[in-house]
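The next block holds one structure in the form of structure tokens; read it before the comments.
We did not get these values from a lab; they are worked out from the coordinates using the rules stated. What you see is a predicted model, and the numbers here were worked out from it, not measured in a lab. Counting neighbours? That spans all protein chains shown, and the Cβs are built from the backbone with ideal geometry, glycine included.
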């Protein structure tokens, strides 16, 4: 079940809201729901965030050595810039 709530948003924020929603690939109303949900629920537990990453790494087929090299290269690139 959901409830519709009407909230006035200042005109100067509308373009930024539209841009952020587009960047997220979401319709404006869905983007606003995501923002409210994140704010009310707080940050996700680190293990939950890392679990998604672990699944992606497993699906990629990268070995531990390849993953270590990938992170090492990214670190070196970040330090160089």
Along principal axes, largest first, the alpha-carbon spread of the chain in whole Å comes out as 52, 36, 20
In whole angstrom, the spacing between the Cα centers of segment 1-19 and segment 37-55 equals 25
Calculated [θ] (222 nm, deg cm²/dmol) that DSSP helices of n ≥ 4 give over the chain, each run adding -39,500 (n - 2.57): -23000 deg cm²/dmol
I want to make sure I understand the PRE zone here: with the label point 7 angstrom from the Cα of residue 70 toward its beta carbon, which residues in segment 45-61 have backbone N atoms less than 12 Å away? 53-61
Simple spin-label estimate for residue 4 and residue 41 in nanometres, 7 Å along Cα-Cβ: 2.4
Once both label points are put 7 Å beyond Cα along the C-beta direction, the residue 80-residue 26 separation in nm becomes 3.6
